[in-house]
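Worksheet: the structure to be examined is printed underneath.
The values are calculated or read from the model by the stated rules, or taken from the named source; none is laboratory data. Nothing here was measured: the structure is a model prediction, and the numbers come from that model. Note that we place each Cβ from the backbone using ideal geometry, even for glycine, and neighbour counts take in every protein chain shown. The area values use the complete protein model at the heavy-atom level, side chains included, leaving out ligands, DNA and RNA. Shrake-Rupley method; radii C 1.70, N 1.55, O 1.52, S 1.80 Å.
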Amino acid sequence: MAIEFTYLAHHPQHLLLLAKWYFDEWGTYVEDGSIESFQDKLQDYLNTDRVPFIILAVEGQTLVGAVQIKYREMTIFPDKEYWLGGVYVNPDYRGQHIASQLVQYAEKRAIALNINHLHLQTESLNGGLYTKLGWEIETQVNYRGVDVAVMQKTLN
């Protein structure tokens, strides 16, 4: 079965599992975070034609991965408007280049919405996967107690 890229808005049945993934991965960084608070926040991402939105990778009824395009993720950079984030792949599907495909698909959707620049933050201080996809490190900061590389990509 082939992996399909689609919007969370078209598959809201995956919202709870996605909230659980995000909470398990990043919940310790969110004050008073809970699966329920993550689920509530993800309600804002049920869009297809405007930011914020989430793109899912699905195989049949199985949620394989996700990526977000959102506004002003890091409060210390109010001038950086559009951000890519929430890149997550189901552990059973890792090592199959799904994260790369999700990022590239999200970039195409951003271009379709006339977004020219995207930013992201990663704990991989050398840029990891994103460097391989043409992203450039702008700076390194400690944000909310975590050392991250802030990266950017100009979209054509």
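Here are a few things to note about the model shown:
- For GLU138, residues with placed amide H under 5 Å, excluding near neighbours: VAL150, MET151, GLN152
- Residue-averaged [θ]222 nm for the chain, counting only DSSP H segments that reach four residues, each worth -39500 (n - 2.57): -7500 deg cm²/dmol
- In order along the stretch 32-40, the Karplus-derived 3J(HN,Hα) couplings, from 6.51 cos²θ - 1.76 cosθ + 1.60 at θ = phi - 60°, round to 6, x, 8, 4, 5, 5, 5, 4, 4 Hz, and Gly and Pro are given as x.
- Backbone amide hydrogens, once placed in the peptide plane, bring HIS117 within less than 5 Å of LEU155, excluding anything fewer than 5 places away on its chain.
- Using θ = phi - 60° and Karplus 6.51 cos²θ - 1.76 cosθ + 1.60, couplings along the stretch 94-108 (whole Hz; Gly, Pro as x): 5, x, 10, 6, 5, 4, 4, 5, 4, 4, 5, 5, 4, 4, 4
- Interchain or long-range residues, amide H under 5 Å from GLY65's placed H: ALA57, ASN90
- Protein accessible area in the chain, 1.4 Å probe - carbon and sulfur %: 46 percent
- Once the Cα-Cα distance is subtracted from the 0.36 nm per residue extended length, the ASP49 to GLU4 segment shows a gain of 14.4 nm.
- In range of the label at GLU31: residues from the stretch 59-103 whose backbone nitrogen is under 15 Å from the point 7 Å along Cα→Cβ: 75-76
- Sequence-ordered 3J(HN,Hα) estimates for the stretch 65-72 from the Karplus curve with 6.51, -1.76 and 1.60 and θ = phi - 60° stand at x, 7, 8, 10, 10, 9, 8, 5 Hz, glycine and proline given as x.
- Residue among ALA19, ALA112, ALA99 with the largest mean-square fluctuation in a Gaussian network model of the chain, springs linking Cα atoms under 10 Å: ALA112
- Structure-derived semi-axes √(5λ) of the Cα gyration tensor in Å: which label, when the choices are (1) 22, 19, 16; (2) 52, 19, 13; (3) 24, 16, 14: (1)
- Solvent-accessible surface of the stretch 26-144, averaged per residue with a 1.4 angstrom probe and all protein chains in place: 54 square angstrom.
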